[in-house]
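Structure record follows, encoded as structure tokens.
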Amino acid sequence: MPGLEDLYREIILDHYRSPRNRGELPPPAAHAVGHNPLCGDEIEVFLDVTDGVVSDIKVGGQGCSISQSSASMMSQAVKGKSIDEVRALVHRFKSMMSIHEPDDADEAADAEVKLGDLEALQGVVKFPVRIKCAVLAWNTLVEALADAKV
């Protein structure tokens, strides 16, 4: 379906050209840095959690359009969400990016989580070497959540 692929490509390029939530948060914000040694991508995530909700998030770093777009989309998707919602979103996104078949329990739980524009990245699965680029921001987010001790 060329129309849908074109739309997805435009979404990815829009987030690459005009990244959302770019920058840093001052301490005591949680913080994590992720690296992809295969291609040199770097993602930095700053996170404020207030009353169990991601009240603010900023991302930084450099890398390919896939890693940077994924970070931008991720920051929009998790801002204002509860920690449980964020963890469910992380799980759903990583399931989408997996080349393995999900089990029935995971598939049922994931069906409840809506990805929105993040679905634009599903085509990356066709290029296994790029999957790490797409999930780098998400792995870094998990590290930032650990740093926030939530």
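Here the relative contact order of the chain, from alpha carbon pairs under 8 Å that lie six or more residues apart, stands at 30 percent.
Farthest towards the positive end of the charge dipole of the range 2-147, among the residues SER18, VAL45, SER98, is the Cα of SER18, using unit charges on the Cβ of Lys, Arg, Asp and Glu. Pick from ARG92, ARG130, ARG17 the residue whose mean-square fluctuation is largest in a GNM of the chain, springs joining Cα atoms under 10 Å. Evaluated over the chain, the most mobile residue of the options is ARG17.
With 10 angstrom as the radius, rank HIS31, HIS15, HIS91 by how many other C-beta atoms surround their C-beta, starting from the fewest.
Numbers: HIS31 18, HIS15 23, HIS91 15.
Starting with the residue having the fewest Cβ neighbours, the order is HIS91, HIS31, HIS15.
Here PHE46, PHE127 are placed in order of increasing Cβ neighbour count within 10 Å, fewest first, which gives PHE127, PHE46. With no solvent and one equal point scatterer per Cα, compute the Debye intensity ratio I(q)/I(0) for the range 25-73 at 0.12, 0.23, 0.32 Å⁻¹ and report its log10, rounded to two decimals. The Debye formula, applied to the Cα set alone, gives -0.28, -0.81, -1.16.
Remark: for residue pairs LYS81/LYS132; LYS58/LYS126; LYS94/LYS132; LYS114/LYS149, the C-alpha separation exceeds 22 Å in LYS81/LYS132; LYS58/LYS126; LYS114/LYS149. The Rg/Rh ratio of the range 1-93, with Rg taken over Cα atoms and Rh as the Kirkwood radius over Cα pairs, comes to 1.00.
Laboratory data are not the source of any read-out in this text; all were calculated from the coordinates shown. This structure is a prediction, so every number in the text was calculated from the model and none was measured. Neighbour counts run over all protein chains shown; Cβ positions are idealised from the backbone, glycine included.
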